[in-house]
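The values are calculated or read from the model by the stated rules, or taken from the named source; none is laboratory data. All values derive from a computational prediction rather than experimental measurement. Glycine also receives a Cβ, built like all others from the backbone with ideal geometry; neighbour counts cover every protein chain displayed.
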Amino acid sequence: MPPCSNWDRITESFQKQYIKNKVKGWVKDFQLLSNYTQDDPQAAYSTFTTGLCSRWTHFQRTVLDMSELFEPLENAIKDQLIPALIGQGVSDAEGQILALPLRHGVQGLINPQEPAKTEYDYCTLITAKLINKIYNQKLDL
């Protein structure tokens, strides 16, 4: 069965460099967002949860697990955004607590390395039947 994209046909070194470039851009976004956090922390938090997270989640759905390449993004969240939002640095344990979902009464400041491990698999699983029909040109949905 074909994957969600043609990503598997591209060399691994190109994939890694492409992901690194994307992550660098997102890290710059966090640096900029952290600067605005003091003026309007709610808007910065909203931008993080509804905007920036969606960018990398969508991206992770089209690439195989290369979660280690998302470490600079996790560091930017932990070292820049979180201190800007709450006014102090956090330990790794505190960062893990802040990454818990909102339904647990926490901030939901997710670690981008965690979903990178599963998003592609979820995408492939959820879209498998449709991909197969498109690939085989079966139109009976």
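If you go through the range 87-120 and keep only what is loosely packed, with under 10 Cβ neighbours inside 10 Å, of a type in the set (Gly, Ala, Ser) and at pLDDT below 75, you end up with just GLY105. Entry remark, the range 19-67: residues being of a type outside the set (Ser, Thr, Tyr), under 22 Å from ASP121 (Cβ atoms) and modelled with pLDDT under 85 number 11 in total. Residues that are surrounded by 15 or more Cβ atoms within 10 Å (Cβ to Cβ) and modelled with pLDDT of 80 or more within the range 1-17 comprise just one, GLN15. Within the range 66-96, the set of residues being closer than 22 Å to ALA43 by Cα and touching a Phe, Trp or Tyr at 6+ places or on another chain (Cβ under 8 Å) comprises LEU73, ALA76, ILE77, GLN80, LEU81, LEU85. Of the residues making up the range 33-46, those that are exposed (fewer than 12 other Cβ atoms within 10 Å of the Cβ) and over 17 Å from THR57 (Cβ atoms) are GLN38, ASP39, ASP40, GLN42. Scanning the range 48-67 for residues that are in a helix (DSSP H, G or I), β-branched (Val, Ile, Thr) and buried (at least 17 other Cβ atoms within 10 Å of the Cβ) yields a total of 0.
Taking each residue of the range 104-132 that is under 24 Å from ILE19 (Cα atoms) and part of a loop (DSSP other than H, G, I, E, B) and looking for partners that are of a type in the set (S, T, N, Q) and modelled with pLDDT under 75 with beta-carbon atoms closer than 8 Å, six or more apart or interchain, yields ASN111/GLN96.
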